[in-house]
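The values are calculated or read from the model by the stated rules, or taken from the named source; none is laboratory data. All values derive from a computational prediction rather than experimental measurement. Glycine also receives a Cβ, built like all others from the backbone with ideal geometry; neighbour counts cover every protein chain displayed. Note: accessible area is taken over every heavy atom of the protein model, side chains too, but ligands, DNA and RNA are not part of it. Shrake-Rupley method; radii C 1.70, N 1.55, O 1.52, S 1.80 Å.
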Amino acid sequence: LTRRLRPPLGCGRVPPAGGLELELEIRYRRASWRAYTAELDALADLGPHLVDLALFLTRAEARAVRRAEVEAEWARLELLTTRGAARFRCATNRRHRERVRVRAAGGGVIAEHAAGAPLAAALARARRRPHPLVAPLERQLEAFADAIQGGYRGALADAAEGARVMAVLDAARASAHRGGAEVAVAPAPVDARPGAGTAR
């Protein structure tokens, strides 16, 4: 859930209330960087980042998933939340690209961000810069190290928020299995840690 550690440019303008429509996409080629990867499909690999970022930016609760399609190297779905709909696309067999667009319900664009243009990628390779997926992982490790040493926790996700994301992915798989039917997202579990209360 690395994307929340530095939200996309302009997304700080997302209002705290009101209806919203979101479009989020992330894609990359697994062979483009030397990462150890388990045998995950695109939904398990990239879906958690998109779902978490959408809920983090909008401060919304997930309600249901519909129109889900899940294949080994790509996935798409629509998440219904307490603030509106969010549409996701992800792929693990295409050139790197990240895109976020936030609209007011029935209105204009509030915030928009895109990364991964071909020219920018070529310049990064020529200048031997790290792969764009590496920097968010570095920020996540730094934030985690600070937190376990009693420092600023910042935007780190907790276990309850992680469980919330996984519940959305479970609903997405069920929707895909049922031909895109709408599937309710399971309620967030009660966090058993002392003083933590219930998950948001």
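Here are the numbers:
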quantity: Share, in percent, of DSSP beta bridges within segment 57-121 that are antiparallel, nearest 5; calculated: 100
quantity: Sequence-distant residues sharing a close amide H with A85 (under 5 Å, placed H); calculated: L20, L22
quantity: Förster radius 30 Å - calculated FRET efficiency between A104 and D158, Cβ distance, rounded to 0.05; calculated: 0.55
quantity: Percent accessible area from carbon and sulfur atoms, segment 39-115, protein chains only, probe 1.4 Å; calculated: 44
quantity: Per residue solvent-accessible surface (Å²) - segment 54-113, probe of 1.4 Å; calculated: 47
quantity: Per-pair calculated FRET efficiency, R0 = 25 Å: A115 and M166 via Cβ, rounded to 0.05; calculated: 0.45
